[in-house]
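Scroll down for the structure; my scribbles are underneath it.
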Amino acid sequence: MPMSYGFEQRITPKIQKIADHFGTPFHIYDEEGIRETGKKLIEAFSKVKGFKEFFAVKALPNPAIMSVMKSLGFGFDCSSKPEVYLSRQSGCTGSDLMFTSNNTTIDEFENALSNGGCILNLDDISLISKVPEMPELICFRYNPGNRRTGNDIIGNPIEAKYGISHDQVIEAYSKSIKRGAKRFGIHTMLASNELNYKYMVKTTEMLLELVEKINRELSVSVEFINIGGGLGIPYRPEDEPLDIVSLGNEISQILIEFNHKNGYSPKFFIESGRYITGPHGVLVAKAINFKNIYRRYVGVDACMSSLMRPAIYGAYHHITVPNKKNDKRDIVDIVGSLCENNDKFAVQRNLPILKEGDLLFIHDTGAHGSSMGFNYNARLRPKELLLKSDGSVELIRRQETMDDYLSTLNFQEDILY
Ligand SMILES: Cc1ncc(COP(=O)(O)O)c(C=O)c1O
């Protein structure tokens, strides 16, 4: 089921009032649903010693959402200075903050290590000497190359720019020891939007083999393993949801066995974004124009600058029309206003016949939706709203304005002759 049933029930009766009050388009997120999913995740991993979720801030970098994550006891996974800033503003630092960047600058390292620091996750062996001061606890992102365990969506690790190669593992940890590191973690991210939990189990086994190898060859124990994000959500109505309970149980079992064999087991971290917030957000847009040429098009008042996934990945986002489930239907393309032909939220989709002013729910925009927005064609990104647990609706990010767009044209003259 795309968009959680509870969310649909909660929002549908009030959607017209919300749209009239705030104006369309907007992303709206469901606090209740996010909390339920967060608790489900915690429950599924309750038998896993040292389990911690570091919410991937890039999925939904909004302080109101981050405070929900914080209240669930989650840390944050960041990949840039502004994400670190937002995490710190929400009161998160030190071992609650993981910094997983790539092609990192020294300035970014300095920022990540200041103000209480973070768990630094290094993407390459060449960065060891570039970290201004080696922290006591260091982590490396591992790229298994052809030892891959992940899915095809994320691509072939051999072609991926991320992480240290298999042959570099021992050298990386040994060099970081020489620079003063004393405590260690290992990270990888090998799947994206994966609904088959077995991939994550295989990834866990693979990282544990590496932990044993590092221990054998360098006599150091690795404190944690982090399997990254990639837990999938059912974007299509026919998709089966990820079996989070079995994932938690099997990982718990593997760690127990590791403990029997090695006398200890590392903590287990994930940095899920999509699974936590994805189904608990929708982009609400209004039908504004109808065009009949070789195909029938319905133009809405949002465009791909508010949701890029269909255009860049050909991703499916389910669309429903509130209160029009049983109406006569038509096959249409749902399009935005960008001068790009891939600015389509749906292609040849069977939908209830729409009229001007109808509202559409473009589902599952709670992760990698608004945050992937951009300004091409000088299109401005829409506002974000939160449907709170008490039923109220709060503006949590205003829409972009012309002034925001033009602000980077307001600068001190600077000419080099
Ligand atoms: C390093 C890293 N961790 C976590 C995530 C979150 O992934 P997801 O939202 O699919 O769980 C991403 C997504 O791009 C990522 O690059």
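The values are calculated or read from the model by the stated rules, or taken from the named source; none is laboratory data. None of these values were measured; they are calculated from a predicted model. In this analysis, Cβ positions are derived from the backbone assuming ideal geometry, glycine residues included, and neighbour counts consider all displayed protein chains.
Can you list residue pairs whose Cβ atoms sit under 9 Å apart, with the first residue in the range 69-86 being not assigned by TED's automatic domain parsing to the domain that holds Ser371 and among the small types (Gly, Ala, Ser) and the second being more than 11 Å from the ligand (Cβ to nearest atom) and in a strand (DSSP E or B)? Count only pairs 6 or more apart in sequence or on different chains.
Hits for this filter: Gly73/Lys52; Gly75/Lys52; Gly75/Leu97; Gly75/Ile119.
When you look at Ala64, is it of a type in the set (A, V, I, L, M, F, W, C), away from the ligand (no atom under 13 Å from the Cβ) and farther than 21 Å from Ile225 by Cβ, yes or no?
yes
Here is a yes/no grid of residues against (1) among the hydrophobic types (A, V, I, L, M, F, W, C); (2) under 20 Å from the mean Cα position of the chain (by Cα); (3) not assigned by TED's automatic domain parsing to the domain that holds Leu247:
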position: Pro157; (1), (2), (3): no, yes, no
position: Lys161; (1), (2), (3): no, yes, no
position: Arg179; (1), (2), (3): no, no, no
position: Lys182; (1), (2), (3): no, no, no
position: His187; (1), (2), (3): no, yes, no
position: Leu190; (1), (2), (3): yes, yes, no
position: Leu195; (1), (2), (3): yes, yes, no
position: Leu207; (1), (2), (3): yes, no, no
position: Arg216; (1), (2), (3): no, no, no
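A quick yes/no check of all residues on (1) among the small types (Gly, Ala, Ser); (2) surrounded by 20 or more Cβ atoms within 10 Å (Cβ to Cβ); (3) within 16 Å of Phe55 (Cα to Cα):
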position	(1), (2), (3)
Ser67	yes, no, yes
Gly75	yes, yes, yes
Cys78	no, yes, yes
Ser114	yes, no, no
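If a residue counts only when it is within 30 Å of Phe345 (Cα to Cα) and not small (Gly, Ala, Ser), which helices (runs of 4 or more DSSP H) contained entirely in the range 185-277 have at least 3 such residues?
Where helices (runs of 4 or more DSSP H) fall fully within the range 185-277 and carry at least 3 residues being within 30 Å of Phe345 (Cα to Cα) and not small (Gly, Ala, Ser), they are 274-277.
Matching residues to (1) within 15 Å of the chain's Cα centre (by Cα); (2) farther than 26 Å from Val393 by Cβ; (3) modelled with pLDDT of 95 or more:
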{"site": "Lys49", "(1), (2), (3)": "no, yes, no"}
{"site": "Phe54", "(1), (2), (3)": "yes, yes, yes"}
{"site": "Lys58", "(1), (2), (3)": "yes, no, yes"}
{"site": "Asn62", "(1), (2), (3)": "yes, no, yes"}
{"site": "Met66", "(1), (2), (3)": "yes, no, yes"}
{"site": "Met69", "(1), (2), (3)": "yes, no, yes"}
{"site": "Phe74", "(1), (2), (3)": "yes, no, yes"}
{"site": "Ser79", "(1), (2), (3)": "yes, yes, yes"}
{"site": "Gln89", "(1), (2), (3)": "no, no, yes"}
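Matching residues to (1) among the β-branched types (Val, Ile, Thr); (2) modelled with pLDDT of 95 or more:
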| residue | (1), (2) |
| --- | --- |
| Leu86 | no, yes |
| Phe99 | no, yes |
| Gly145 | no, no |
| Val169 | yes, yes |
| Tyr173 | no, yes |
| Gly185 | no, yes |
| Tyr197 | no, yes |
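Does Pro234 satisfy the criteria of being modelled with pLDDT of 95 or more and not polar (S, T, N, Q)?
Yes, satisfied.
So is Ala181 out of contact with any Gly (no Cβ under 9 Å at 6 or more places or on another chain) and crowded, with 20+ Cβ neighbours inside 10 Å or not?
Yes; evaluated as a whole, the condition is true for this residue.
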